[in-house]
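Take a look at the structure set out below.
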Amino acid sequence: HPRRSRGARMNMQTPFAAALLDPARPCPDGLVTWNGSDPAKRFQVYRNNVIVSLVDALADTFAVTQQLVGEAFFRAMARLYACAHPPRSPVLALYGADFPAFIEGFPPAVGLPYLADVARLEYLRVRAYHAADASPVAPAALAALLMDESTLPALRLRLHPSLAVLPSDAAVVSLWAAHQGVLALEAVSPDAPETALILRQGLEVDVMQIPPAAGAFIATLGAGLPLGQAAAKATALDGGFDLAGALGLLLQNSAITALNPVLPQ
């Protein structure tokens with residue numbers, strides 16, 4: 001009501017929101033309808049529309065996850081998630097950040113250990129699509145810095161805001177690719193570990209499989225650590241780590257957006 005204080009309106013909104021996402025709760029007190037119809041029935045319709053809209057939003061983001069378990073299973077799981085995890089923003093494009101973690105702890109999905117990581121990959125794709133733009137550095141600028149071995153270990157690279165690395169114990173890239181028609185699903189071994197690199201170029205979000213050591217290297221750079229530490233971490237994981245190849249991959253995909261050398265004292 002326009003004459004109610006902000007505090008009074010907030011006190012009404014809290015039970016309203018709680019009842020909206022919990023079918024076990026009764027219709028909140030104090031609701032009226034313009035035409036005299038039953039407020040409880042109208043509230044139930046509104047509640048169902050809200051939850052269906054949230055489930056639809058999750059189905060749009062996690063399309064491959066839904067294909068892997070079937071629409072009925074997915075929508076039942078998503079409905080439980082939506083009731084327990086309402087959106088914190090009116091923008092639904094990024095809704096579902098913790099849905100993969102919910103899947104991981106969802107008992108009926110325990111027989112599908114790859115499902116949560118496939119969902120993580122799908123969410124990273126959505127986040128990459130909505131990430132900020134950034135211009136890549138010129139390859140010549142990086143090449144010049146790489147020539148000076150004294151500054152190389154302390155060199156920090158800023159990576160594109162859309163970039164993400166997902167190491168997984170499952171064949172997340174192959175499973176995702178199979179549902180895009182790139183691979184035959186029957187040829188995919190779901191329990192084969194894969195590391196995914198997610199990166200947007202222009203308006204296209206690419207998903208590519210990279211070696212685990214390259215993933216560790218890129219993730220360490222993305223965390224803001226210097227080149228020397230990133231290379232050491234990757235080499236500890238794989239003695240044959242190809243530093244030049246990993247840097248070349250980033251350059252070829254316009255993923256390096258700034259160079260921050262630290263000059264020796």
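Any idea how far apart Ala192 and Asp133 come out in nm if each label point goes 7 Å out from Cα toward Cβ?
3.8 nm
Multiply the residue separation of Leu92 and Glu71 by 0.36 nm, subtract the distance between their alpha-carbon atoms, and state the gained length in nm to one decimal.
5.5 nm
Work out how much length Gln180 to Val50 would gain on full extension: take 0.36 nm times their residue separation and subtract the Cα-Cα distance, in nm to one decimal.
On the way: separation 130, 0.36 × 130 = 46.80 nm, distance 2.99 nm.
Going from the current span to full extension adds 43.8 nm.
Round to the nearest 0.05 the FRET efficiency obtained for Glu104 and Ala244 when R0 = 41 Å and r is the Cβ-Cβ distance. Walk me through the intermediate numbers first.
Details: r = 36 Å, r/R0 = 0.89.
Efficiency for this residue pair is about 0.65.
Leaving out ligands, DNA and RNA but keeping every protein chain, what accessible area does Thr257 have, in Å² rounded to the nearest 10, with a 1.4 Å probe?
Probe radius 1.4 Å; accessible area of Thr257 about 30 Å².
Once fully extended, how much extra length lies between Ala84 and Gln201, figured as 0.36 nm per residue of separation less the alpha-carbon to alpha-carbon distance?
Working: separation 117, 0.36 × 117 = 42.12 nm, distance 3.51 nm.
Length gained, Ala84 through Gln201: 38.6 nm.
Between Leu237 and Glu149, how high is the FRET efficiency from 1/(1 + (r/R0)^6) when r is the Cβ-Cβ distance and R₀ = 22 Å? Nearest 0.05.
About 0.45, to the nearest 0.05.
Taking the highest mean first, how do the peptides 50-59, 86-95 order by number of other beta carbon atoms within 10 angstrom per residue?
The most tightly packed comes first, giving 50-59, 86-95.
Taking H as built 1.01 Å from N, whose amide H comes closer than 5 Å to the amide H of Gly96, not counting residues under 5 places away?
The list, which skips near neighbours in sequence, is empty: none.
Just to confirm a number: summing +1 for Lys and Arg and -1 for Asp and Glu over residues other than Ser135 whose beta-carbon lies under 14 angstrom from that of Ser135, what do you get?
In short, +1.
Counting Lys +1, Arg +1, Asp -1, Glu -1, what net charge surrounds Val55 among other residues with beta carbon under 11 Å of its beta carbon?
Local net charge: -1.
List the relative contact order of region 124-265 as a percent without decimals, with contacts defined as Cα pairs under 8 Å and 6+ residues apart.
After rounding, I find 34 percent.
³J(HN,Hα) across region 169-177 via Karplus (A = 6.51, B = -1.76, C = 1.60, θ = phi - 60°), whole Hz, x for Gly/Pro?
Once rounded to whole Hz, the list reads 7, 10, 7, 5, 5, 5, 5, 5, 5.
In the full protein assembly as shown, how much of Ser189 is accessible to a 1.4 Å probe, in Å² to the nearest 10?
The value for Ser189 is about 60 Å².
Once the whole set of protein chains is in place, how much accessible area is left on Glu204, using a 1.4 Å probe, in Å² to the nearest 10?
Counting only protein heavy atoms, Glu204 exposes about 120 Å² to solvent.
The values are calculated or read from the model by the stated rules, or taken from the named source; none is laboratory data. Computed from a predicted model, the values in this text were never measured in an experiment. Heads up, the Cβs are rebuilt from the backbone with ideal geometry, glycines too, and the neighbour counts pull from every protein chain shown. Areas reflect the complete protein model, heavy atoms only, side chains present, ligands, DNA and RNA absent. Shrake-Rupley method; radii C 1.70, N 1.55, O 1.52, S 1.80 Å.
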